[in-house]
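Chemist: Structure below; questions to follow.
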Amino acid sequence: MTTIIDGKEIADRIRADVSDCAAHLADEGVTPGLATVLMSDDGASETYVSMKQRACEETGIEGIHRVLDPEASAETLLRQIDDFNDDPRVHGILVQMPVPDHVDSQAVLERVDPMKDVDGFHPENVGRLVTGNTRYKPCTPHGIQKLLEAADIETEGKDAVVVGRSDIVGKPMANLLVQKAPRGNATTTVCHSRTDDLAEKTRTADIVIAAAGVPEMITGDMLSEGCTVIDVGVNRVDAETEKGYELVGDVAFESASEKADVITPVPGGVGPMTIAMLMYNTVKAASLQSGVDVELP
Ligand SMILES: Nc1nc(=O)c2c([nH]1)NC[C@@H]1CN(c3ccc(C(=O)N[C@@H](CCC(=O)O)C(=O)O)cc3)C=[N+]21
């Protein structure tokens, strides 16, 4: 019988603990602040940013949100980041990716003060993560570690395959898995959508992290009996639903469930964890910048 990990329930538990930390900071006169910038007319980005702002309200974090015209200049966005870097109310800054094609996304990420980089995407924070001297873990990989912990899935000595090599999930996830740390110490292979004999590689895995951005790419015949499957997919596929789309993961859920012992659903798996860990990183940033200690979960 396959265990389906309830990411929403685990995320809610973490957010409740993070809210307690935010309340402690408020008692000490520090209200954590998260600034989000949306410069896109992509429907999904608007959904995610509004979810993040709603989560701030529910967590006791002050949400400051800016929407920029997608046609605006790159300089406009960079100046907005400068303003948030200098704003003492703001402890965390998130520029919703992707930014429009005419904007250099690397320049955007590097403009954010590393102390306020609650995505963990700034090169300084990526370097810290790779060397095991982490300031902020990127939200989705950290959320996946928390899911594995909650489901009591050990990574120590296991074979993990990460499918996808993005800067926001695949690469940091692989780095966390190889480190000498809880929910690390795994022998890890990083594949991508054009890896030769991908099925051969995924069949060697005890744990498969599917983060390639390809709907239902991972099927049961690509998995070994009894493995754990973490589906990071956030694909919107046109459908006759109220929203006009349905959310489909990178894993063919039914087919994969015939082989996997443990699997995460889409929606309701990794997604809610990403939001929870953004709240976690924002409270951590407020603690680091104010010097007020908190005990995060
Ligand atoms: N600077 C930046 N940081 C990000 O962390 C970031 C980003 N840009 N750009 C886009 C991706 C994607 N992302 C998601 C967050 C929550 C859900 C989530 O909660 N999904 C719900 C469903 C939500 C829906 O209904 O569409 C679920 O899976 O249950 C999904 C995806 C954060 N991202």
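Chemist: Given only helices, namely DSSP H runs of n ≥ 4 each adding -39500 (n - 2.57), what is the per-residue ellipticity at 222 nm of the chain, to the nearest 500 deg cm²/dmol?
Modeler: After summing the helix terms and dividing by residue count, I get -12500 deg cm²/dmol.
Chemist: How would Thr274, Thr282, Thr31 line up by accessible area, probe 1.4 Å, largest first?
Modeler: My answer, sorted largest first, is Thr31, Thr274, Thr282.
Chemist: Could you go through the range 130-141 in sequence order and give the Karplus-derived ³J(HN,Hα) for each residue, using 6.51 cos²θ - 1.76 cosθ + 1.60 with θ = phi - 60°, rounded to whole Hz, and x for Gly and Pro?
Modeler: 4, 8, x, 10, 5, 9, 10, 6, x, 4, 5, x
Chemist: For the range 29-53 and the range 56-105, write down the distance between their C-alpha centroids in whole Å.
Modeler: Result: 8 Å between the Cα centres.
Chemist: Are there trypsin sites (Lys or Arg not before Pro) in the range 232-289 that DSSP marks as loop and that have at most 10 other Cβ atoms within 10 Å, and which are they?
Modeler: Lys243
Chemist: For the chain, modelled as a GNM with alpha-carbon contacts under 10 angstrom, which of Thr155, Thr204, Thr188 fluctuates the most?
Modeler: Per the Cα network of the chain with a 10 Å cutoff, Thr204 tops the list.
Chemist: How far is helix 7-27 tilted off the main Cα axis of the chain, in degrees rounded to 10, range 0 to 90?
Modeler: On a 0 to 90 degree scale, this one is about 20.
Chemist: Sticking with this one: In degrees between 0 and 90, to the nearest 10, how far off the longest principal axis of the chain does helix 74-86 point, with axes built from Cα atoms?
Modeler: 70
Chemist: By a straight-distance test (C-alpha under 13 Å), which aspartates and glutamates pair with Lys284 as possible cross-link partners, with residues fewer than eight away in the same chain excluded?
Modeler: Asp17, Asp20, Asp117, Asp119, Asp293, Glu295
Chemist: Find how many whole Å separate the alpha carbon centroid of the range 1-26 from the alpha carbon centroid of the range 149-225.
Modeler: About 24 Å separates the Cα centre of the range 149-225 from the one of the range 1-26.
Chemist: To continue, here is another question. Explain nothing, just the number: relative contact order of the range 100-243, from Cα pairs under 8 Å at least 6 residues apart, as a whole percent. Display every interim value, and only then the final one.
Modeler: Details: 219 pairs, mean separation 25.9, N = 144.
Here the relative contact order equals 18 percent.
Chemist: Express in Å², to the nearest 10, the accessible area of Val178 obtained by rolling a 1.4 Å probe over the protein heavy atoms while all chains stay in place.
Modeler: 80
Chemist: On to the next question. Return the long-range amide H neighbours of Leu68 (sequence gap of 5 or more, or a different chain), with a cut-off of under 5 Å between placed amide H atoms.
Modeler: Counting only residues 5 or more places away or on other chains, the set is Leu38, Met39, Ser40.
Chemist: Also, quick follow-up: Under the Karplus relation 6.51 cos²θ - 1.76 cosθ + 1.60, θ = phi - 60°, what is the ordered set of whole-Hz ³J(HN,Hα) values for the range 148-162, x standing for Gly and Pro?
Modeler: For the range 148-162, the Karplus-derived couplings read 4, 5, 5, 8, 6, 8, 7, 10, 3, x, 8, 9, 10, 10, 9 Hz, x marking Gly and Pro.
Chemist: Starting at the first residue of the range 267-278, write each ³J(HN,Hα) from the Karplus equation 6.51 cos²θ - 1.76 cosθ + 1.60 with θ = phi - 60°, in whole Hz, x for Gly and Pro.
Modeler: The phi angles translate into x, x, x, 6, x, x, 5, 4, 5, 4, 6, 6 Hz.
Chemist: What ranking do 126-137, 110-121 get when scored by the average of other Cβ atoms within 10 Å per residue, highest first?
Modeler: Going from most to least packed, we get 110-121, 126-137.
Chemist: Please report the antiparallel percentage of the DSSP beta bridges confined to the chain, to the nearest 5. Numbers along the way, then the final one.
Modeler: Details: 4 of 33 bridges.
About 10 percent, rounded to the nearest 5.
The values are calculated or read from the model by the stated rules, or taken from the named source; none is laboratory data. Predicted model only: the values in this text are computed from it and were never measured. Heads up, the Cβs are rebuilt from the backbone with ideal geometry, glycines too, and the neighbour counts pull from every protein chain shown. Please note that ligands, DNA and RNA were not included when accessible areas were found on the heavy atoms of the full protein model with its side chains. Shrake-Rupley method; radii C 1.70, N 1.55, O 1.52, S 1.80 Å.
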